[in-house]
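Visitor: This structure is in structure tokens; I'll ask about it shortly.
The values are calculated or read from the model by the stated rules, or taken from the named source; none is laboratory data. Keep in mind that this is a model prediction, so the values were computed, not measured. Note: ideal-geometry Cβ built from the backbone for every residue, glycine included; neighbour counts use all protein chains shown.
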Amino acid sequence: MLRFPVKKIRKQFKLLLLLVLLTSAVWFTYLHINQGKTIKLHFNYGKDGERQTEGTDASRKRDTRSSAGHHKSEDTSDSREDEAAVSLSLSCLLSFFIFCLTNLPNINYKGQANLHVFEDWCGSSIAQLRKNLHFPLYPHTRITVKKLAVAPKWKNYGLRIFGFLHPYRDGDFQFSVSSDDNSELWLSPDESPLNARLLVYVGQLGTEWTAPGEFSKFRSQSSKSVHLISSRRYYFEILHKQDDKGSDHVEVGWRPFLPGLKYEVIDSAYISLYTDESSLKMNSVDHIPQTLASHIRLPEESQPQADMLKPDPRDTFYSTPMIDPSRLENILPACLYSPTYVVKDFPIARYQGLQFVYLSFVYPNDFTRHYCFYLSKKEEEVVEAEDEAEIVGTQSPKKPSHPSQTSHTSNPSHQHSKPGPTPAGREGEEEEEDPDEEEEGAVNSIIRRRERRHFPHRDGQMERDLDRDWGRDHTKGDMRQDSRKGLAEPQQRVLEPDTDSVVRGRSLSWIHTGPITESQQQPDPDPNPAEFDQDVNRSNPDPDPEPEPEEGEMSDYSYEEVEARPGWAEESINWQRTFSVNSMDFELLRSDWNDLRCNVSGNLQLAESEVVDVLAQYMEKLNERNGGIYTLLRIINVEKRRDSARGNRYLVELELMERGRSVVRLSEYIYLLLHRGRQGEESLENTDSAPASAPASPLLCQPVMLQWRRDVMVHFVVPVKNQARWVQQFISDMENLHRQTKDDNFSIIIVDFESEDMDVEQALRESSVPRYEYLRREGNFERSAGLQIGVDTIEDSHSIVFLCDLHIHFPLNILESIRKHCVEGRLAFAPIVMRLSCGSSPQEPDGYWEVNGFGLFGIYKSDFDKIGGMNTEEFKDRWGGEDWELLDRVLQNGLEVERLRLRNFFHYYHSKRGISFFLTRSHMGAL
């Protein structure tokens, strides 16, 4: 049934009115011309009739001839007059039409200004707003405002207001801006945005703010004299940033530059739109003005602050030419690759595949790590109790704490771990009653004491507590107990004889390696306790804690003189006190278990001595096979997957010099076989009875069917719906990936669930990505169904599918990383992404590693089809948990899942606002 377009007529009412006026003018001109012709014809015919009745017949002929000549001349003059009238009318009509076109912006745009909103962005300074990924071209919302005073009563957003200013008189004006938090007003001396200059502002650090209507708090708020002319219009731009505190507002006032006059907020009568955006798609950005205020980025620091952002050879190793594959044939003997941790055909309960995913060790340090094991003895006991409860499937005696988004670049000593939820708890949070209040109180007190230790500046009493804790508790007993109990016992557990660390002793001439003694690995449990206690007693003569000041008494920080108490002795400080310390490697306390509670620890570090030993054997075999033409320049990357019962798998990536002339790269999987059967093969039966000690000579071999393909096609599959700015950003990132790497062997497949905010297909058509596929699907958004539809369009079953997300920042080596860690029939890849916190960017990362999520997943299409693809039936109307369910089936089909944290691999922060489709509780947890 057709409906009358009332809304469209309302939006274009002024334009329709103008068309009606133009049509009426054309019709009136036409009638005027025809009416003039009719009047003249009737007048001429009357004169001729009179002449014909008065004359004789003879004279009639003469009169007729003369009249004919006279009429001919009159017709000629009349036609000239008619042509002149028509041309005059047309010229008037054309002038009127041009006048209407030139004045159309003033007719349609007067009384409004453009307003762009950038939501979901923390911080309170304009500099923080400029760091927003989408600023200034892709705002969250594009609307208009009727006056230069906005107070939306919201949090964590930024505003950009721009348009034209129309002065009501000629003369000098003074401007002022008021806001909470920071704001800036830019004004151009004409209507060009390129000439806009900063006029007034409130703060630059994010700590400044004003009350509504407070125009004189800061010197920077008020401008000097600005001369304006009423017949002209002037481009203006306002930037405003609000955090999650305070009363948000921004307003601009002006007044004639005369003493005693008050500022008045600029109202709708004096502003107009820069452009009408009501009919434009969100990815149409050509009309948005580019100014110094909003477009040009401030100069960035030359050196990044985070270690992970500093240059690393891993990041650009893909650009080095690959070694000739024929040079790598028959270097090592072939061996069967059958790790014992593969759970093929092993029954796994729902969502229990997480317990069968292990982490890999890397060398050299990739600086992705922070630590989750700075624990006291009491905390270790609680964590061990939780581990035992998870293993036997019982409830933990301690209520899990909420995860905290901790900084990747900050001091790791005060990072809190993110607890690992039970798999069933991902779709809905469960409340648990704590049966042991005393234990919880003890743990909470420990956490509070640790926070006081790392944040002693919060209040004076906290500083006194810190002094007492450190001077008495730690120096007297806790330090000795922590070094003996908190560190020695975990090391005893980790440093038990392990067959994977027993390798043949070798060394290279270019690296000096020395034996690691037990004293170097473990600290001295009790370094001279008697002297230590005596020293502490001398520096702490009063063993009792300091009494707290009661009500009415003066605190320790009072400036008034205090009468000395009898027997009061000032506590002395021994600045010459020294202590003994041994080298500590916290990596020895870690294991390759996938710890779901720790979201800030990085990749596990591989011991250098082990790397040197393995590579020495490999380089010896390589040069023996190729006549000694290769020289090792750098160890770029070594990744180890440990299997103590059978052998260790290594991915070695080396930079080699070939014949002293060209530099090539080597990236191969090798296998260090620790336990071998009589025929040199292994089986699951003899694994359980394998000896605890390693054989005398472990075998370095080439694993069968474990080679990765360098040129395999990678398909990024992404389902979308009404996410215009993120879709555009994703396409731009893929264009940059292709431009930087020159790699044509990848494609993007976008499954669009009827997006209305942009034409996704047109954006793909206009992009420079090497290959793309656009699929449109009707109905509500379904992630599982969207991913399955995208995978079904791939014809080559021997290509890689990467199940992806929109809100991802990709490193340039992402294609190589996916290819290296996906082996058909053997390996799937689930990289760990860092979730950026609100207000954080890839240039200044602040967030946590998403250790729980497996939504970013790479796998060969043949393996994906073999396991049955996505579960589209169970996860039809919801998502959140479909990645864990997919992981269960991947493991049950005998595939390994490689789990690594990738450098510069970020998930952008975004809230759930603005998503136009239905979200269940499980949806919210999956975004």
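Visitor: Tally the residues that are polar (S, T, N, Q) and surrounded by fewer than 18 Cβ atoms within 10 Å (Cβ to Cβ), restricting the search to the range 742-787.
Guide: Taking the range 742-787 first, the residues polar (S, T, N, Q) are 745, 747, 755, 762, 767-768, 780, 784.
Keeping just the survivors that are surrounded by fewer than 18 Cβ atoms within 10 Å (Cβ to Cβ) gives 745, 762, 767-768, 780.
Matching residues across the range 742-787 total 5.
Visitor: Among the residues of the range 144-183, write down those that are more than 25 Å from the chain's Cα centre (by Cα) and under 22 Å from Ser911 (Cβ atoms).
Guide: Once the filter is applied, which keeps residues that are more than 25 Å from the chain's Cα centre (by Cα) and under 22 Å from Ser911 (Cβ atoms), the range 144-183 yields Val150, Ala151, Pro152, Lys153, Asp180.
Visitor: Output the qualifying pairs, or none if there are none: Cβ atoms under 9 angstrom, residues six or more apart or on different chains, first residue in the range 211-233 and surrounded by fewer than 16 Cβ atoms within 10 Å (Cβ to Cβ), second residue of a type in the set (Asp, Glu) and not in a loop (DSSP other than H, G, I, E, B).
Guide: That search, which allows pairs on different chains as well, returns Ala211/Asp180; Pro212/Asp180; Pro212/Glu251; Gly213/Glu251; Ser225/Asp172; His227/Asp172.
The rows are residues; the columns are (1) under 24 Å from Tyr318 (Cα atoms); (2) under 22 Å from the mean Cα position of the chain (by Cα).
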| residue | (1), (2) |
| --- | --- |
| Asp805 | yes, yes |
| Ile814 | yes, yes |
| Ile818 | yes, yes |
| Asn852 | no, yes |
| Gly868 | no, no |
| Asp877 | no, no |
| Leu895 | no, no |
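Visitor: Got a sec? Which of Thr316, Thr320 is of a type in the set (Val, Ile, Thr) and more than 26 Å from the chain's Cα centre (by Cα)? Steps first, please.
Guide: Details: Thr316 fails: more than 26 Å from the chain's Cα centre (by Cα).
Criteria check complete, one pass: Thr320.
Visitor: Shifting gears a bit: I'm checking my understanding of the structure. Among residues of the range 833-873 that are touching a residue at least 40 places away in the same chain (Cβ under 8 Å) and acidic (Asp, Glu), which one is surrounded by the most Cβ atoms within 10 Å (Cβ to Cβ)?
Guide: Here the residue is Asp846.
Visitor: Of all residues being touching a Leu at 6+ places or on another chain (Cβ under 8 Å) and part of a loop (DSSP other than H, G, I, E, B) in the range 816-832, which is surrounded by the fewest Cβ atoms within 10 Å (Cβ to Cβ)? Just the residue, please.
Guide: Among them, the one singled out is Gly825.
Visitor: Has the range 631-638 got any residue that is in a loop (DSSP other than H, G, I, E, B), farther than 12 Å from Phe361 by Cα and free of Cβ contacts under 8 Å to residues at least 60 places away in the same chain? Break it down stepwise before answering.
Guide: Let us first name the residues in the range 631-638 that are in a loop (DSSP other than H, G, I, E, B), namely none.
Scanning the range 631-638 turns up no residue that is in a loop (DSSP other than H, G, I, E, B), farther than 12 Å from Phe361 by Cα and free of Cβ contacts under 8 Å to residues at least 60 places away in the same chain.
Visitor: Output the number of the condition that Asp863 fails; it satisfies all remaining conditions of (1) more than 14 Å from Phe802 (Cα to Cα); (2) more than 28 Å from the chain's Cα centre (by Cα); (3) not in a loop (DSSP other than H, G, I, E, B).
Guide: With (1) more than 14 Å from Phe802 (Cα to Cα); (2) more than 28 Å from the chain's Cα centre (by Cα); (3) not in a loop (DSSP other than H, G, I, E, B) applied to Asp863, the lone miss is (1).
Visitor: What residue, of Asp744, Asp757, is at pLDDT 95 or above and in the same structural domain as Cys804 (by TED's automatic domain parsing)? So that I can check it myself, show each step before the final result.
Guide: Values: Asp757 fails: at pLDDT 95 or above.
The match here is Asp744.
Visitor: Of everything in the range 185-230, what is part of a strand (DSSP E or B) and among the aliphatic types (A, V, I, L, M)? Give them in sequence order. Reasoning before the result, please.
Guide: First, the residues of the range 185-230 that are part of a strand (DSSP E or B): 185-187, 197-202, 222, 226-228.
Across the range 185-230, the qualifying residues are Leu185, Leu187, Leu198, Leu199, Val200, Val202, Val226, Leu228.
Visitor: Taking the range 662-696 on its own, how many of its residues are under 26 Å from Pro364 (Cα atoms) and at pLDDT 55 or above? Can you show your working first?
Guide: In the first step, residues of the range 662-696 are kept if they are under 26 Å from Pro364 (Cα atoms); the result is 662-674, 694.
So of that shortlist, the ones also at pLDDT 55 or above come out as 662-674.
Counting residues in the range 662-696 that are under 26 Å from Pro364 (Cα atoms) and at pLDDT 55 or above gives 13.
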